[in-house]
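Have a look at the structure below before the remarks.
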Amino acid sequence: MPIATPPHAVRVSAGPATVLVTSEDPTVTDWITQYLESWWTVRSTTPAAETSGPVLHCQINPDRFVAAQDNLSTQAHRVVKFARNPVHVTDDAVCAVDSTEQVSYHTDASRTRLTLAANGSLGLCLAAARITRELIRAQLEADGWAIMHASATVRDNDATLSLGPKGAGKTTTALLLATQSHQLQGHQLLANDRVFLHPATRALLPWPAAAALGLGLLHAHGLLDGVRARLAAGQHLHPTVDPAVTAAILNGRTSTLHDPRGRELKTQLFPHQLTDWLGLKLARSGTAAALVFPRLDPDGEPRLDPSSRTVTASDFFDPDHDDRYPDFLRLTRITPDHRHQIWARTREALATVPHHSIVLTHDTTRSRQLLAAQAMVGKSGLETS
């Protein structure tokens, strides 16, 4: 009996990388479109007309999910954390099961034909967006792109990358530049946390993701009241947000929120909500023109930092060792040595653009004044006066 062709399909493209996503359920392709089209190209298509590139088929199939779960219990497997959920993965990585989201992952030996089978629609949509991004990542890496832990804003195609460890102020820098003011005009947000960079051209592409923004950060930038109004009107944040965050916002909290283990709880916004809710303009590409290495000193003075800093291995994303999105299906097409060669070429390329170390504070007005005085002069990126 012939297999029916899934009636819904979208082609997702970022630079030279493409993925075809198909499903019998239009909710999946609608979700992919909503989640990715703010930064990548997503177009409806006919599956039969598409012949190249990886294919991700997504199905609500409780029987297949349960069968995979049962089969995995009798097979040698390992447990990894993916998107903070424990995922049980067979040793050959051709099958995996996420019991939290109730999704099973199946791939062929070539890693170009993948199927997701889920018990429900939401888990399937979340997994589909993440695996689509993973398939794009694997292709871009194979084409020589590096992935950096960085925020980025773009003006006139020139991008300012903000790099540093967690809590350094990468997101703060991006919001200071991208929130429109009379001091800083024309900046578009390209990346909140990670970005693709091609060393030969310094070209940049965004890494689509739900934007994790803390309550204190949103309040400091004058954005929290708008989020509260949206929630009060019945609109919703990304479904991965902790319910305590929504409750805290609606109850008028404006300070940082932590869980009992001390981890900061943040809002999770869809990419399109950055525009619709926060009024930010988004960019789809840019060229690295300047690097900023911020440091937060909440109660100090915004200032230039005399310490020098260059790009290091800690500024790069390594899917083999990442704690949030490890490559559990072994989609990567390059060796670790090849990846390190790409990192080395990236460091060489970025050594040619201006580097600036700055100290930012919770006083957003004065921090923005510092950036306005030192940054975005013409098309040359950041320039020290």
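The values are calculated or read from the model by the stated rules, or taken from the named source; none is laboratory data. Here the structure is a predicted model, which means the values were calculated and not measured. Reconstructed Cβ throughout: ideal geometry from the backbone, glycine too, with neighbour counts over all protein chains shown. These accessible areas exclude ligands, DNA and RNA; they are computed on the full protein's heavy atoms, side chains included. Shrake-Rupley method; radii C 1.70, N 1.55, O 1.52, S 1.80 Å.
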Quiz prompt | Whichever residue in the stretch 68-102 is farther than 17 Å from ASP320 by Cα, out of contact with any Ser or Thr (no Cβ under 8 Å at 6 or more places or on another chain) and not charged (D, E, K, R) and, among such residues, is least open to solvent (accessible area, probe 1.4 Å) | solution = SER99
Practice problem: Filter the stretch 120-178 for residues that are more than 22 Å from TYR325 (Cβ to Cβ) and among the acidic types (Asp, Glu) and give the result. | Solution: ASP156, ASP158
Quiz item: For the stretch 278-288, does any single residue satisfy the condition of being of a type outside the set (A, V, I, L, M) and buried (at least 22 other Cβ atoms within 10 Å of the Cβ)?
Solution: yes
Quiz item: Looking at ALA178, ALA109, ALA142, ALA174, which one is modelled with pLDDT under 95, aliphatic (A, V, I, L, M) and surrounded by fewer than 18 Cβ atoms within 10 Å (Cβ to Cβ)?
Solution: ALA109
Quiz item: Is it true that VAL80 is more than 23 Å from the chain's Cα centre (by Cα) and of a type outside the set (D, E, K, R)?
Solution: no
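I'd like to know if the stretch 129-139 contains one or more residues that are on the phi < 0 side of the Ramachandran plot, part of a strand (DSSP E or B) and touching a residue at least 24 places away in the same chain (Cβ under 8 Å).
Applying the first criterion (on the phi < 0 side of the Ramachandran plot) to the stretch 129-139 yields 129-139.
From the residues that got through so far, the ones that are part of a strand (DSSP E or B) too are none.
For the stretch 129-139, residues on the phi < 0 side of the Ramachandran plot, part of a strand (DSSP E or B) and touching a residue at least 24 places away in the same chain (Cβ under 8 Å): absent.
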Quiz prompt | Which numbered condition ILE249 misses (of (1) in a helix (DSSP H, G or I); (2) modelled with pLDDT of 95 or more; (3) open to solvent by 10 Å² or more (accessible area, probe 1.4 Å)) | solution = (3)
Practice problem: Taking PHE328 as meeting all but one of (1) at pLDDT 95 or above; (2) assigned to a strand (DSSP E or B), write down the number of the exception. | Solution: (2)
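Which of the following residues is over 23 Å from the mean Cα position of the chain (by Cα) and farther than 26 Å from THR240 by Cα: THR46, THR107? Break it down stepwise before answering.
Numbers: THR107 fails: farther than 26 Å from THR240 by Cα.
The unique qualifying residue is THR46.
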Quiz prompt | Residue check for THR254: outside any loop (DSSP other than H, G, I, E, B), touching a residue at least 24 places away in the same chain (Cβ under 8 Å), under 24 Å from THR364 (Cα atoms) and hydroxyl-bearing (Ser, Thr, Tyr) | solution = no
Quiz item: Looking at VAL227, VAL195, which is the one that is assigned to a strand (DSSP E or B), open to solvent by less than 20 Å² (accessible area, probe 1.4 Å) and either of a type outside the set (Val, Ile, Thr) or in contact (Cβ under 8 Å) with a residue 40 or more places away in the chain (or both)?
Solution: VAL195
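Filter the stretch 333-375 down to residues that are touching a residue at least 60 places away in the same chain (Cβ under 8 Å), β-branched (Val, Ile, Thr) and under 27 Å from GLN139 (Cβ atoms), then give me how many there are. Give the derivation first.
Step one: list which residues in the stretch 333-375 are touching a residue at least 60 places away in the same chain (Cβ under 8 Å), which gives 333-334, 339, 342-343, 345-346, 348-350, 353-364, 366-372, 374-375.
So of that shortlist, the ones also β-branched (Val, Ile, Thr) come out as 334, 342, 346, 353, 358-359, 361, 364.
Keeping just the survivors that are under 27 Å from GLN139 (Cβ atoms) gives 334, 342, 346, 353.
Residues meeting the conditions: 4.
Out of curiosity, is SER121 surrounded by fewer than 18 Cβ atoms within 10 Å (Cβ to Cβ), in contact (Cβ under 8 Å) with a residue 40 or more places away in the chain and among the polar types (S, T, N, Q)? Show your work before the answer.
Values: surrounded by fewer than 18 Cβ atoms within 10 Å (Cβ to Cβ): yes; in contact (Cβ under 8 Å) with a residue 40 or more places away in the chain: yes; among the polar types (S, T, N, Q): yes.
When the stated conditions are applied, SER121 passes them.
So which residues in the stretch 33-67 are part of a helix (DSSP H, G or I) and either in contact with a helix residue (DSSP H, G or I) (Cβ under 6 Å, 6 or more places away or on another chain) or loosely packed, with under 15 Cβ neighbours inside 10 Å (or both), if there are any at all? Outline the logic, then answer.
Step one: filter the stretch 33-67 for residues part of a helix (DSSP H, G or I), giving 33-36, 47-49, 62-67.
Within the stretch 33-67, TYR35, ALA48, ALA49, PRO62, ASP63, ALA67 qualify.
Among the candidates ALA68, ALA83, single out the residue that is small (Gly, Ala, Ser) and under 18 Å from GLU134 (Cβ atoms). Please lay out each step first, then the result.
Working: ALA68 fails: under 18 Å from GLU134 (Cβ atoms).
Residue meeting the stated conditions: ALA83.
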Quiz item: Mind checking which residues of the stretch 333-385 are modelled with pLDDT under 95 and polar (S, T, N, Q)?
Solution: THR352, SER357, THR361, THR364, THR365, SER367, GLN369, GLN374, SER380, THR384, SER385
Exercise. Considering every residue within the stretch 129-139, establish whether at least one is touching a strand residue (DSSP E or B) at 6+ places or on another chain (Cβ under 6 Å), open to solvent by 10 Å² or more (accessible area, probe 1.4 Å) and not hydrophobic (A, V, I, L, M, F, W, C).
Key: yes
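Could you tell me whether THR267 is among the hydroxyl-bearing types (Ser, Thr, Tyr) and at pLDDT below 95? Reasoning before the result, please.
On the way: among the hydroxyl-bearing types (Ser, Thr, Tyr): yes; at pLDDT below 95: no.
Criteria not met by THR267.
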Quiz item: LYS266 fails exactly one of the following numbered conditions: (1) in contact with a Leu (Cβ under 9 Å, 6 or more places away or on another chain); (2) surrounded by fewer than 20 Cβ atoms within 10 Å (Cβ to Cβ). What is the number of that condition?
Solution: (2)
